[in-house]
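To start, the structure under review is shown below, and the notes come after it.
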2 protein chains.
Amino acid sequence: MKNQKVASKTTWVQVPKNSDFTIYNLPFGIFKNKRLSPRAGIAIGDKIVDLSVLHAEGFFSDMHLPDDIFLKDSLNDFIGLGKNVTRKVREKVQYLLEEESAELRDHQCRGKAMVNRQEAEMLMPVKVGDYTDFYSSMEHATNVGTMFRDPDNALLPNWKHLPVGYHGRASSIIPSGVPIHRPKGQYKDPNMDKPEFGPSRRLDFELELAFITGKSTKMGDSVSTKDAEDYIFGFVLFNDWSARDLQAWEYVPLGPFLGKNFASSISPWIVTMEAMEPFRTSSPKQDPEVLPYLQCEGDHGFDINLEVFIQPENGKPSKVCSSNYKYMYWNIAQQLAHHTVNGCNINVGDMYASGTISGPTEDSFGSMLELAWKGTKPVKLDSGEERKFIEDGDSVIMKGHCQKDEIRVGFGEVSSKVLPTKK
Amino acid sequence: MKNQKVASKTTWVQVPKNSDFTIYNLPFGIFKNKRLSPRAGIAIGDKIVDLSVLHAEGFFSDMHLPDDIFLKDSLNDFIGLGKNVTRKVREKVQYLLEEESAELRDHQCRGKAMVNRQEAEMLMPVKVGDYTDFYSSMEHATNVGTMFRDPDNALLPNWKHLPVGYHGRASSIIPSGVPIHRPKGQYKDPNMDKPEFGPSRRLDFELELAFITGKSTKMGDSVSTKDAEDYIFGFVLFNDWSARDLQAWEYVPLGPFLGKNFASSISPWIVTMEAMEPFRTSSPKQDPEVLPYLQCEGDHGFDINLEVFIQPENGKPSKVCSSNYKYMYWNIAQQLAHHTVNGCNINVGDMYASGTISGPTEDSFGSMLELAWKGTKPVKLDSGEERKFIEDGDSVIMKGHCQKDEIRVGFGEVSSKVLPTKK
């Protein structure tokens, strides 16, 4: 499929220039509004196609879908029908939205089927059973290792042999728009005699991308790198909120806990594997050679432009980072093959974040920890204000899109405001 | 409530001597059998009280329960009704089972309501949203620190200031009786030049107890040590299966992953907080003093005798460990207060394991790693066979019970057999 030329398409829906939600994209999400209970939709331009309306009108009648499949508060059951079904639904909607297709455009249900995106509230697209966070950017791991350990041995011995990962908290994954409270906790800076307690003083974002599985396995079974992408339904942007002071004190020897589990924010539209296909690219060469179960053929990297903005209360957003997903050392096929090689079972709706996506240049680092280099080089915002970490009232906004010739496929954004610690 | 004298009770059900499931216990579980779909029950002696039958017959009519509350495949919805309800249901069943109560004993539904435990298959009692594993036994943390780091500084600096914990895998928690496959993975022993791949050569159990929350919180909210027990529904035995060779190679810097997430086994009956009340005991003195949010009044430890047996294929069980839950340095109120102090939200059905429960003596260590001291002191089974770790065909059986005067409250067992690596 690599580098195939995508057939040019136009749509009868008015799609603003530079919209992430083109006819090439058609991501799935769950939305509601004042009139409508939670339901499944597909984004195009400033509209949402209400899939439950299309289904009720018989547009999917050849697919034998359950009657209420698009009237649930998560996509899990739909995704669980398998790629044969989800691909057909997306292709059917793509066909219906094409310039030449009159079936929906001229149908009496059109007004009901096309909901204004501005009037919709986006909910979590899936119910996340388990959430895993990887650590797959060599630049990020090197930066952190340099700051906290030894610049000459920044990467730990296992790092190039396996995609390091750990389990995170599923309950606190929230969609874009939901504010978070600054976490409280214990910290002990090197200059303190004993730990102290209070609101985190080093609240940080982590720019990540997450994939969502659409197929389950049984305990004891493994997924090969060759089959891995069959298990992956799509991607969202992922902000892995981190309290660096809590994390630094708590994380030995069992890993991050309270420094991470207070919140993770995601973009609400799942961009499908099918939509990502034109943006496949090679990944960094792996040296030393990895063990056979991690070797894979073909390209499993994706060229996705990523940006992070900080917007102070009552201020304007300033861009603080431009990175790209293609820098990742470990790819999704390797991540999933590793995750299941021991027989760990996975479920539909499980989420797997990439780890902070840092690039090679200083403006491409995916966290404040790295951008402000442990607080030593404050980041200047457009207003002249400076930031070492995230302050109360700040919103952190992450955006991502792929572009190739005239074809654009984007994620929209994940935006979340930081409120003061809850009393 | 401490050290209250529990009123002596007798029951018309025949309860074998030394049964864990006395009229003082009455744990909740989900069972099915050839004739019956999954449903909620209470264990007594060799019987299960089918709560759906009692409900249909109107025994709980004053409690306004949903009609299908006991006909679900998990207890989450029931537990979520709150302790006022779950306590009333348990007390009503206790009353109905008392020697003097004729209402159920002489009711025409008795045959249907009292199911033989031997004919039932026990399922997962709850759907686990998130699973957390603590590391709260000082003896265990000291043993591990001594073996792998520095005998003079076995405990890491944070250990006595906070209950160290991390997130584990919820999808692979299974009930007693379900066999597990030996996991495969990467390992690199100190004598190897590079990592190798294969079935784990150091498969281990960890003797733990887990509590289950029965009440949810919102993001940003915290639970105090004072309120913590209101959020806890009950306990199960927990075998935190561990592949020591995988774990040792992968765990820096983000904690255990494939070394743990292939399986965790639990006992299927949830022993309620109410049933545990008579066995409350003090915990080890904490020095240095903990931060105010971790301080608590009263006793939150429990005197629970714990045992581990290894049963080779076609052999008899040999006891390899006798420990006690009262040794835990960090108690459940502190664990839950710490977990939520940063605003991490919790849900009904979430599970929180204690960490390996090791006591002060060599026969009270809660893992093979410690019992056989890193393979240097093989454990002798009754048959004369030796074990450094767990072998294919072995079953690991954990049991737990409390005893005070004539009152016994027990957990039954969690038993699981190890099968060879799945091809």
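The values are calculated or read from the model by the stated rules, or taken from the named source; none is laboratory data. Bear in mind the structure is a predicted one, so any value in this text is a computation, not a measurement. So basically every Cβ, Gly included, is an ideal-geometry build from the backbone, and we count neighbours across all protein chains shown. Protein only, heavy atoms only, side chains kept; ligands, DNA and RNA dropped before computing areas. Shrake-Rupley method; radii C 1.70, N 1.55, O 1.52, S 1.80 Å.
Things worth noting here:
- For the range A:232-332, accessible area per residue (1.4 Å probe, heavy atoms of protein chains only), Å²: 30 Å²
- Apolar share of the accessible surface for the range A:186-237: 45 percent from carbon plus sulfur atoms, 1.4 Å probe.
- Using every pair of distinct Cα positions in the range B:28-122, the Kirkwood expression returns a hydrodynamic radius of 13.4 angstrom.
- For the range A:261-310 versus the range A:202-253, the gap between their alpha-carbon centres in whole angstrom: 11 Å
- With its label point defined 7 Å out from Cα along the Cα-to-Cβ axis, A:Ser282 lies at 6.9 nm from the matching points of the other copies, in increasing order.
- If R0 is 22 Å, the Cβ-Cβ spacing of B:His64 and B:Lys112 corresponds to a FRET efficiency of close to 0.40.
- Whole-percent carbon and sulfur share, accessible surface of the range B:28-122, 1.4 Å: 43 percent
- Length available on full extension from A:Val252 to A:Ser216: 0.36 nm per residue minus the Cα-Cα distance, which gives 9.7 nm.
- Mean separation of Cα contacts under 8 Å (6+ apart) over length of chain B, as relative contact order %: 21 percent
- Label point 7 Å beyond Cα along the C-beta direction, distances from A:Lys9 to other copies (nm, shortest first): 6.4
- Contact order normalised by residue count of the range A:81-163, Cα under 8 Å, 6+ apart, percent: 13 percent
- Applying the criteria of a DSSP loop state and at most 14 other Cβ atoms within 10 Å to the chymotrypsin sites (Phe, Trp or Tyr not before Pro) of the range B:150-249 yields no site.
- Area of A:Cys402 that stays accessible when all protein chains are in place (1.4 Å probe, Å², to 10): 0 Å²
- The protein assembly as shown: calculated mean residue ellipticity at 222 nm from DSSP helix runs of at least 4, using -39500 (n - 2.57): -4000 deg cm²/dmol
- Trypsin sites (Lys or Arg not before Pro) restricted to DSSP loop in the range B:273-380 with at most 16 other C-beta within 10 Å: B:Lys285, B:Lys374
- With all protein chains modelled, accessible area of B:His401 [1.4 Å, Å²]: 40 Å²
- The distance linking the range A:376-398 with the range A:337-372 is 23 Å (Cα centroid to Cα centroid, whole angstrom).
- DSSP-defined antiparallel bridges as percent of all bridges, chain B, nearest 5: 90 percent
- A prolate overall shape is assigned to the range B:159-256, the ratio a/c of its alpha-carbon gyration tensor axes (a ≥ b ≥ c) being 1.5 or greater and a/b exceeding b/c.
- Length released on extending from B:Ala7 to B:Asp227, taking residue separation times 0.36 nm less the Cα-Cα span: 76.5 nm
- Where labels lie 7 Å past Cα in the beta-carbon direction, separation of A:Glu121 and A:Glu99 in nm: 3.9 nm
- Here the translational diffusion coefficient of chain A follows from Stokes-Einstein with Rh set to the Kirkwood radius across Cα pairs; for 25 °C and 0.890 mPa s it amounts to 110 µm²/s.
- Close Lys pairs in the range B:1-68 (alpha-carbon distance under 21 Å; sequence gap of 8 or more, or different chains): 5.
- DSSP-defined beta bridges in the protein assembly as shown - what % are antiparallel, rounded to 5: 90 percent
- Peptide B:247-253 - average C-beta neighbours from other chains (10 Å radius): 6
- Estimated at the nearest 10 Å², the accessible area of B:Leu371 is 20 Å² with a 1.4 Å probe.
- Relative contact order (%) - the range B:39-128, alpha-carbon pairs under 8 angstrom, separation at least six: 38 percent
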